[in-house]
Each structure stands twice: as C-alpha cells, then as structure tokens.
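Below is one structure, written out as structure tokens; comments come after it.
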Amino acid sequence: MIHLENVSKSYRTERIETLALDSINLEVETGEFVAIMGPSGCGKTTLLNLMGLLDTPDQGTLSLDGEAIGKQSDRSLSRLRNRKVGFIFQNFHLVGDLSVVDNVEIPLLYRTLSSRERRELAAEALGRVGLSSRISHLPAQLSGGQQQRVAVARAIVGRPQVLLADEPTGNLDSQMGDEILDLLEELNRDGGTVVMVTHDPRMAERAHRTVRLFDGRQVQ
C-alpha cells in the first residue's frame, strides 16, 4: 500500500539545514495497523506527512497503492490524497462555526457530488462513529472524545484506503483514548490500512507492529 525506499527529507532556513528523515526504507501492507514511535523531533510527523502526500521527499522514492509519487503536480497530488488518504489529527482541526455534519462534509467538497450525496455520506460516517444524534451540534458543544470522533468521521467519509493518525489520543483521557483506539481497530478490521503516530506504548501495543525512529533514522 505504502512503499518508501531510501527516503530522506531536510528542512532549510537561511542559517541552518535540519535533516528530518535519513534513508528510510518502509513498507506498509494493505490492511496493516502500524504504530510509529520515537522521541519528539525524531521525524514521526514528517514521515506521516510524506505518506499522506502533504510533502515530498528530497531523495528516494515513495509510492502509494502502487502509484509512484514523483514529479506530479500539486493538483495531481491533491486529487490522489483526497481519494485515497484520510487524516486524523491530535488537535481535531474542526471548524468551530460549522455544524458537525458540515465539518464531516469538508473532504467531499472537492468531489463531484451533489449536496444531498455529501450529506448522506456524512450522516453515514457519523453513524459509524456513534454520533448520529449530534449531527447538528457545533464542535464546542461536544466533549473532547466526541470531537475526535467527528474528526474520525471526517477522515473516513471519502472511504479512503489509508488512515493516517497523528497522536489521535494525545489530548484525551485514557478512557476516551481507548474508545478512539477501539474505533481505529474496528476500521482496520473492516479492511482499512492505519498508520498511527503515538508517544503512548500502551496504544502502540494495539497495532500489528511498531516502527521506531530516532534522529530521523529508522531503528526498528
């Protein structure tokens, strides 16, 4: 599903160049649940951004679902990302003045769907995460766990092949965190490929395997 070969990524300013990832070789198979762990600043989020086509490597090759990500235009990458990748963030990134259902619809605005089709798909995704009764609420009217469930619904509404989760339980208490992991496991059992960045070894244990980074290098 996701293939990285000798991938490196640096970030440059006028004064300094920082090597974020150094010669990463990684294969994520279809239907896997992979956890990525390592200390702060080790390159975890950079790796996730590359997998999600939010960034491109300086060196090496990256492919998603057998499609090589080379010199494609930003528009081509955006279309591919919208079709095949769903993102879940630690801070939810919900739009405060939009209702729950409108937040979930956002990824569908870039597809040729009618407003009725978008609403039906959003309602279906919210039902899947147990929030059908909160469809008209604003994010501020929800608990942290409920907001993260909305974020999960937004990530899956387009039926992506890959879910990328960046510290999805980082702002939740242990009970809410377990509920979100239960949901990710359910989505994985239904055939979804899940890659999750986490600092929590207890959460990582629930993945099929763990990839560890240190100073931009893969150590396990």
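The values are calculated or read from the model by the stated rules, or taken from the named source; none is laboratory data. What you are looking at is a predicted structure, and each value in this text was computed from that prediction instead of being measured. As a convention, Cβ positions derive from the backbone with ideal geometry for all residues, glycine included, and neighbour counts pool all protein chains shown.
Overview of results
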quantity	calculated
Selection count, the range 175-188, where residues are among the hydrophobic types (A, V, I, L, M, F, W, C) and under 19 Å from Met51 (Cβ atoms)	2
Matching residues in the range 189-203 - criterion: being buried (at least 20 other Cβ atoms within 10 Å of the Cβ) and either farther than 20 Å from Leu50 by Cβ or not hydroxyl-bearing (Ser, Thr, Tyr) (or both)	Gly192, Val194, Val195, Met196, Val197, Met203
So Phe92, is it within 30 Å of Ser133 (Cβ to Cβ), outside any loop (DSSP other than H, G, I, E, B) and at pLDDT below 95	no
Pair list, Cβ < 8 Å and 6+ apart or interchain, from the range 127-142 residues that are at positive phi and without any contact (Cβ under 8 Å) to a residue 24 or more places away in the chain to residues that are crowded, with 16+ Cβ neighbours inside 10 Å and of a type outside the set (S, T, N, Q)	Gly130/Arg149
All positions within the range 1-51 that are within 19 Å of Glu167 (Cα to Cα) and among the polar types (S, T, N, Q)	Ser40, Thr45, Thr46, Asn49
Matching entry among Gln161, Gln175 (being under 15 Å from Val85 (Cα atoms) and surrounded by fewer than 20 Cβ atoms within 10 Å (Cβ to Cβ))	Gln161
Those residues of the range 91-104 which are surrounded by 13 or more Cβ atoms within 10 Å (Cβ to Cβ) and touching a Leu at 6+ places or on another chain (Cβ under 8 Å), in sequence order	Leu98, Ser99, Val100, Val101, Asn103, Val104
The range 1-46: number of residues that are more than 18 Å from Ala68 (Cβ to Cβ) and surrounded by fewer than 17 Cβ atoms within 10 Å (Cβ to Cβ)	15
The range 135-165: number of residues that are out of contact with any strand residue (DSSP E or B) (no Cβ under 9 Å at 6 or more places or on another chain), farther than 14 Å from Asn91 by Cα and of a type in the set (S, T, N, Q)	2
Those residues of the range 1-38 which are aliphatic (A, V, I, L, M) and touching a helix residue (DSSP H, G or I) at 6+ places or on another chain (Cβ under 6 Å), in sequence order	Ile2, Ala20, Leu21, Ala35, Ile36, Met37
Residue match in the range 79-87 (condition: surrounded by 15 or more Cβ atoms within 10 Å (Cβ to Cβ) and assigned to a loop (DSSP other than H, G, I, E, B))	no
Conditions (1) in contact with a Ser or Thr (Cβ under 8 Å, 6 or more places away or on another chain); (2) more than 25 Å from Leu50 (Cβ to Cβ): number failed by Leu172	(1)
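For (1) touching a residue at least 12 places away in the same chain (Cβ under 8 Å); (2) among the acidic types (Asp, Glu), each residue gets a yes or a no:
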{"position": "Arg15", "(1), (2)": "no, no"}
{"position": "Val34", "(1), (2)": "yes, no"}
{"position": "Cys42", "(1), (2)": "yes, no"}
{"position": "Asp74", "(1), (2)": "no, yes"}
{"position": "Arg83", "(1), (2)": "yes, no"}
{"position": "Ser99", "(1), (2)": "yes, no"}
